[in-house]
Amino acid sequence: MRARWLTAAGLFLTLSALSSPSPTVASPSVAARDTFADAPGNALTRRDGDHAHAPSHNHNHKGTVLTELNETEIAMWHQPTPPSYYTIDWEGEGDPNETRHPSLMMAHIVFMSLAFFGSLPIGIALRSVKHPAHGAAMISFYALSALGVSSSILYNKMTPNMYDGSVHGKHGYFILVLALCLSAVDIIAGFTRLVSFIRSDNKSIRDFWRYVILNQSTDAHLQGSEYTGLIVEDPEEYEIAKLGVPHSEDSPDSPDGTEQWANEVHRHHNRHSSIVSDRTLFGNPTRSHSSDTLNETAKQNSRTAGGWAAYIGRAVFAVLERSLVVAGFGMVLTGIVVYTGGCRQNWVNGCLAHLIKGGIFWCYGLLTFARFLGSYAELGWAWNRAPKGSRYTAEFTESFVIFLYGVTNTWMERFGASPGDPYTTKQVQHISIAVMFWFAGLVGMGIESKRVRRWLASSTFESFSNPTDMPPEAVTEPPSYLASFNPFPALVIGVTGAAMAAHYQRYLFQVQIHSLWGNLLVAFSVLRCLTYFFLWLGPPKSILPSRPPTEALGSFFLACGGMVFMFSTEELTFAAMRRGRDDVMMFLNVAVAITCLAFCWTLCMVALKGWLKSRTHSNVTYRTSNISA
């Protein structure tokens, strides 16, 4: 009962902290539009090291936060925004006698969205289970892409060029060529099956359809007819053995190798009859000779050069194929930029920073929600116990991405600065955040390393002068070793959100937007820590996804925060203020609506893949959990 009250108190304090009002902003000055009083070039208001950047990037924390745009001040740093495709299509700019064709652009958007977010992910899901309908899905992808490209070509022919130097079209063609190259692998595989079918003894129409078209019954055609009747299914004991964790030291569900290393100290004192008695997930005391032989054979085959080449080839193909969906999301962003005429001239660096970083948080949120639904459960990344050994945990992958981001972004904050220029306040702020990503990612990876964990546990055995004096139960791993509890990815994102919520901006609306998405990232960090807290109390014992509700909420806050991050682009906030759309609630509601749509899409794709895989395991039955256990 006391634990429940403590948990409730912790949740109440967390919600109270999140709902606390943000620091008050200085009231706007009556002379907010005074050009010379607030000009960033004024020596009295300019800070050390500040360059001729946009007014909201001067970081003069002693200046007054404005509520109205100072167009004269903005014109000192930026050229007037030229007309765009959007303004001539929907706002009536340009020659009123010329006919506009926004319907062609809408058709381009619809066709390409259906291709990259409909047919393509469905085709990937069908490929994962080798479904015969995969070819039809990819044909529909290319058909929709052809319609989208055709409508775009017609629109460009009938509309003047409103964005010089656009590379949106070139990037789109490159992505389609990459997709064609990946499909060429399927075409080559189809011709290979056709040649194999021609050389085989069975040439019936039924076998042609099943083998060449549907890619089924491969064993019967690759072998001679005299061996066809000798093909048998795997023994039942081998199927059961597949649920065990491999012997490899790299398996994190062992859980981390500390018990195995400690047992080696007193192995001569306590011999085990089974080599996997302490390494099997479900406590099987022994394994049969047949399953050991089959596993050893599989390991030997995987260690050959050909086996490694095939493994690497499949991994590269899978990464490239799934990257097409992410590339489609990137094309959506660049398409919006080109159509609205943004990110030109000296806006480009800030625009790229917000779109790239916000897009990363957005995709991270969708992947986190997919993990909550059950994706990557085979690796133990769905808050479950891995059915087989997994070399890397989800926390290790998150820490590696954070480390990679920090290493690269540390050197990018000086883009646009001249050689010899001193570091500005803004650069120090952003570089320090990148350094935090760098070294916090390293710490996260170190915590996930089984070798480092063994080193950290070595001091425990110094009190035993003789290994035989060590009782066997002294090296039993605690239940918390069954899962990974690494708070550093959540810590990095939470600190980033808190820092950006306090980020100085020139205008009140910009302050509110940055505070909004910063607090959303902090909310994700708090909920991820609550996930670890509850899983620490009850580590996962099943191979099924546990679906902690804190992860569902946290992933939503993370994705929504990334969307608002992209909305906080300086040029977009200025455009909203000019049109009277500087309303924080409107920005939040639009971000929430888009995030809900994306979550619905994620649920459909994950459910489709799960349904396809369930058809291959229809004999699996689920046992009701014993709550009293």
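What follows is calculated from the coordinates using simple rules that are stated; it is not laboratory data. Just so you know, these numbers come straight off a predicted model, no measurement behind them. FYI the Cβ positions are ideal-geometry reconstructions off the backbone, even for glycines, and counts take in every protein chain you see.
Counting every other Cβ atom within 10 Å of each residue's Cβ, Leu333, Leu603 order from fewest to most as Leu603, Leu333.
Could you give the length gained by full extension between Arg623 and Leu456, i.e. 0.36 nm per residue of separation minus their alpha carbon distance, to one decimal place?
Numbers: separation 167, 0.36 × 167 = 60.12 nm, distance 3.86 nm.
Taking 0.36 nm per residue and subtracting the Cα distance, the gain is 56.3 nm.
Summing Lys and Arg as +1 and Asp and Glu as -1 over all other residues whose Cβ lies under 9 Å from the Cβ of Asn215 gives a net charge of +3.
Take every pair of alpha-carbon atoms less than 8 Å apart whose residues are at least six positions apart; their mean separation over the length of segment 119-212 yields a relative contact order of 15 percent.
Can you tell me the length gained on complete extension of the stretch Leu597 to Val319, counting 0.36 nm per residue apart and subtracting the Cα distance? Before the final figure, lay out each step's value.
Values: separation 278, 0.36 × 278 = 100.08 nm, distance 2.46 nm.
Length gained, Leu597 through Val319: 97.6 nm.
Scaling the Cα radius of gyration of segment 102-230 by the globular reference 2.2 N^0.38 Å produces a ratio of 1.46. If you average the C-alpha positions of segment 329-391 and of segment 179-193 separately, how far apart do those two centres end up, in angstrom? First find each Cα centre; the distance between them is then 29 Å. The simple spin-label model puts a point 7 Å past each Cα toward its Cβ; for Ala310 and Tyr423 those points are separated by 5.3 nm.
Quick check: net charge around Trp90, other residues with Cβ under 13 Å of its Cβ, Lys/Arg +1 and Asp/Glu -1?
On the way: positive: Arg100, Arg579; negative: Asp89, Glu91, Glu93.
Residues close to Trp90 contribute a combined charge of -1.
Put in order of Cβ neighbour count within 10 Å, fewest first, the listed residues Cys560, Cys343, Cys181, Cys596 become Cys181, Cys596, Cys343, Cys560.
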